[in-house]
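Only one structure is covered here, and it is reproduced in the block below.
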Amino acid sequence: MNRKVTVIGSGHVGETVARSIADKELADVVLLDILEGVPMGKGLDLLEACPIEGSDSRVLGTNDYADTAKSDIVVITAGLARKPGMSRDDLLMKNFEIVKSVTEQVVKHSPNAILVIVSNPLDAMCQVAYRVSKFPRERVIGMAGVLDSARMRAFIATELNVSVENTHAFVLGGHGDTMVPLPRYSTVAGIPITELLSKEKIDAIVKRTAGGGAEIVKLLGTGSAYYAPASAAVEMVEAILKDKKKILPCAAFLQGEYGIRDLYVGVPVKLGAKGLEQIIEIKLTDDENAALQKSAAAVKELVEIIKM
Ligand SMILES: NC(=O)c1ccc[n+]([C@@H]2O[C@H](COP(=O)([O-])OP(=O)(O)OC[C@H]3O[C@@H](n4cnc5c(N)ncnc54)[C@H](O)[C@@H]3O)[C@@H](O)[C@H]2O)c1
């Protein structure tokens, strides 16, 4: 392979991202974690799966950032999950420290990489990686909207008994309780779902989408979702590596778009070889815009706590 993707954090999301990139033969993969042995063991296991999958991706697990040198893309999934007794702010501070130190190391070894951030709280962690890396906004992009819209697509397809491939869904805003699913821009074979489903059904889908992460956390008991989050991150990685110019909802550093400045918020962007190649501005109704601004305000609160 002449492309290299590093995945920081070899937990549930990180290892699943690494597996998918190797299975799809998109690039060589380096899997890094602070845990001793674990990333090496998982990396070796993944390498040994490659002959069966017919993939010539080379996979390496490591604790050493030197192995990540000259990566084209670095996916950051390192972080703690919330533990009992830990407030949201405690988690924010912990993951802030982790993402800050990870970004410093990544930048030293891969100064030209594109960063795809996954660690939560997502939009605030994007802001940390952006400020610490000093990369242009084109090269620091957050994964949330692809996941949230995939959840919405799954619910639409199930409700209407149609192929997921016919569905398209738009979710804007921060990754959290204040996300803004947009039914008007969500379609089945090009037909807005507002023409196919009752208001009650759409409201239920929107509510389930916004609570999609919490629904899985509750079912699992410990830990959070990782299959769909990893698929979402890999869709972004693939769009960049293949220069697809794919329009996907991602967290982007806004500089006046949608009336928001100096803040990461989820909006539709074009992803290609240069990373974020364009921010797409769509027309919003007053209600939709108010919801987006409220969501941005929630992100701003977190960013102010960590002074980013
Ligand atoms: N953006 C999204 O939509 C989305 C979706 C799912 C999960 N997440 C977030 O992704 C992160 C990872 O989730 P997970 O389920 O894989 O968690 P996990 O606990 O399974 O894995 C996290 C890994 O990070 C590692 N780590 C901690 N500090 C590190 C450091 N300084 N350097 C390198 N590695 C370090 C840990 O050792 C662990 O292996 C969490 O913050 C989670 O909230 C985000």
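The values are calculated or read from the model by the stated rules, or taken from the named source; none is laboratory data. Note that this is a predicted model, so its numbers are computed, not measured. Note that each Cβ is placed from the backbone with ideal geometry, even for glycine, and that neighbours are counted across all protein chains shown. Surface areas here come from the heavy atoms of the whole protein model, side chains and all, with no ligands, DNA or RNA. Shrake-Rupley method; radii C 1.70, N 1.55, O 1.52, S 1.80 Å.
Taken along the Cα-to-beta-carbon direction at a fixed 7 Å, the label points for residue 89 and residue 35 span 3.1 nm. Full extension of the segment from residue 207 to residue 69, taken as 0.36 nm per residue of separation minus the current Cα-Cα distance, would add 45.4 nm. Under the combined filter of DSSP loop state and at most 14 neighbouring Cβ atoms within 10 Å, region 1-105 retains these trypsin sites (Lys or Arg not before Pro): 70.
Above 26 angstrom, tally the Cα pairs of the chain and express them as a % of all pairs, no decimals. Roughly 43 percent, rounded to a whole number. When both region 22-39 and region 234-275 are represented by their alpha-carbon centers, they are found 24 Å apart.
Please work out the ratio of the alpha-carbon Rg of region 208-308 to 2.2 N^0.38 Å and round it to two decimals.
1.22
Axis of helix 88-109 versus longest Cα principal axis of the chain: the two differ by about 50°, to the nearest ten degrees.
Hey, could you get me the Stokes-Einstein D for region 147-290, Kirkwood radius over alpha-carbon pairs, 4 °C and 1.567 mPa s, rounded to whole µm² s⁻¹?
Numbers: Rh = 16.0 Å.
Answer, rounded: 81 µm²/s.
Do you know the relative contact order of the chain, to the nearest whole percent, from alpha carbon pairs under 8 angstrom that are 6+ apart? In percent, rounded to a whole number, it is 16. Remark: region 166-225 carries 54 Å² of accessible area per residue (probe radius 1.4 Å; ligands, DNA and RNA excluded).
Suppose the chain between residue 287 and residue 274 were pulled fully straight at 0.36 nm per residue; how much longer would it get relative to their current alpha carbon spacing?
Numbers: separation 13, 0.36 × 13 = 4.68 nm, distance 3.36 nm.
Once the chain is fully extended between residue 287 and residue 274, it gains 1.3 nm.
Annotation: amide H-H contacts under 5 Å for residue 272 (H modelled 1.01 Å from N, sequence separation of 5 or more, or interchain): 245, 277. The radius of gyration of the Cα set in region 21-149, together with its Dmax, comes out at 15.4, 46 angstrom.
This model, with +1 at the C-beta of Lys and Arg and -1 at the C-beta of Asp and Glu, gives region 106-161 a dipole about its Cα centre of some 320 debye.
Rounded to the nearest Hz, the phi-derived 3J(HN,Hα) couplings of region 46-52 under the Karplus curve 6.51 cos²θ - 1.76 cosθ + 1.60 (θ = phi - 60°) are 5, 4, 6, 7, 4, x, 6, where x marks glycine and proline. Computed from the C-beta positions of residue 198 and residue 257, the FRET efficiency with R₀ = 35 Å rounds to 0.60.
Each residue of region 220-231 was assigned a 3J(HN,Hα) from its phi angle through the Karplus expression (A = 6.51, B = -1.76, C = 1.60, θ = phi - 60°), giving 6, x, 10, x, 9, 4, 9, 5, 5, x, 5, 4 Hz with x at Gly and Pro. Mean projected area of the Cα convex hull of region 126-218, taken over all directions, amounts to 7.1 nm².
Amide H to amide H, with H built 1.01 Å from N, residue 250 comes under 5 Å of 267, 269, counting only residues 5 or more places away or on other chains.
Measuring nothing but how far apart in sequence close Cα pairs (under 8 Å, 6+ apart) lie, relative to its length, region 123-239 scores a relative contact order of 23 percent.
Here the chain carries DSSP beta bridges of which approximately 50% are antiparallel, counting only pairs with both residues inside. Normalised by the number of residues in region 199-308, the mean separation of alpha-carbon contacts (under 8 Å, six or more apart) gives a relative contact order of 17 percent.
What is the log10 of I(q)/I(0) for region 6-97, computed with the Debye formula using one identical point scatterer on each Cα and no solvent, at q = 0.11, 0.20 Å⁻¹? Ignoring solvent entirely, the Cα scatterers give -0.33, -0.88. Close amide H partners of residue 170, meaning residues 5 or more places away or on another chain with modelled amide H under 5 Å apart, are 182, 186. Sequence-ordered 3J(HN,Hα) estimates for region 278-293 from the Karplus curve with 6.51, -1.76 and 1.60 and θ = phi - 60° stand at 6, 9, 8, 9, 9, 6, 10, 6, 4, 5, 4, 5, 4, 5, 5, 5 Hz, glycine and proline given as x.
The mean accessible area for residues of region 50-95, using a 1.4 Å probe and ignoring ligands and nucleic acids, is 56 Å² per residue. Note on the chain: with neighbouring protein chains present and a 1.4 Å probe, carbon and sulfur make up 52 percent of its accessible heavy-atom surface.
Relative to the dominant Cα principal axis of the chain, helix 199-210 is inclined by about 20°. Determine the sum of side-chain charges near residue 2: Lys and Arg each +1, Asp and Glu each -1, restricted to other residues whose C-beta is under 13 angstrom from that of residue 2. That sum, taken over residues with Cβ under 13 Å, equals 0.
Quick one: accessible area per residue over region 115-165, 1.4 Å probe, rounded to a whole number of Å²?
Details: 1740 Å² over 51 residues.
I get 34 Å² per residue for region 115-165.
The GluC sites (Glu not before Pro) found in region 1-105 that occupy coil by DSSP, while having at most 11 further C-beta atoms within 10 Å, are 36.
Basic side chains Lys and Arg get +1 at the Cβ, acidic Asp and Glu get -1 at the Cβ, and with that the dipole of the chain about its Cα centre reaches some 460 debye.
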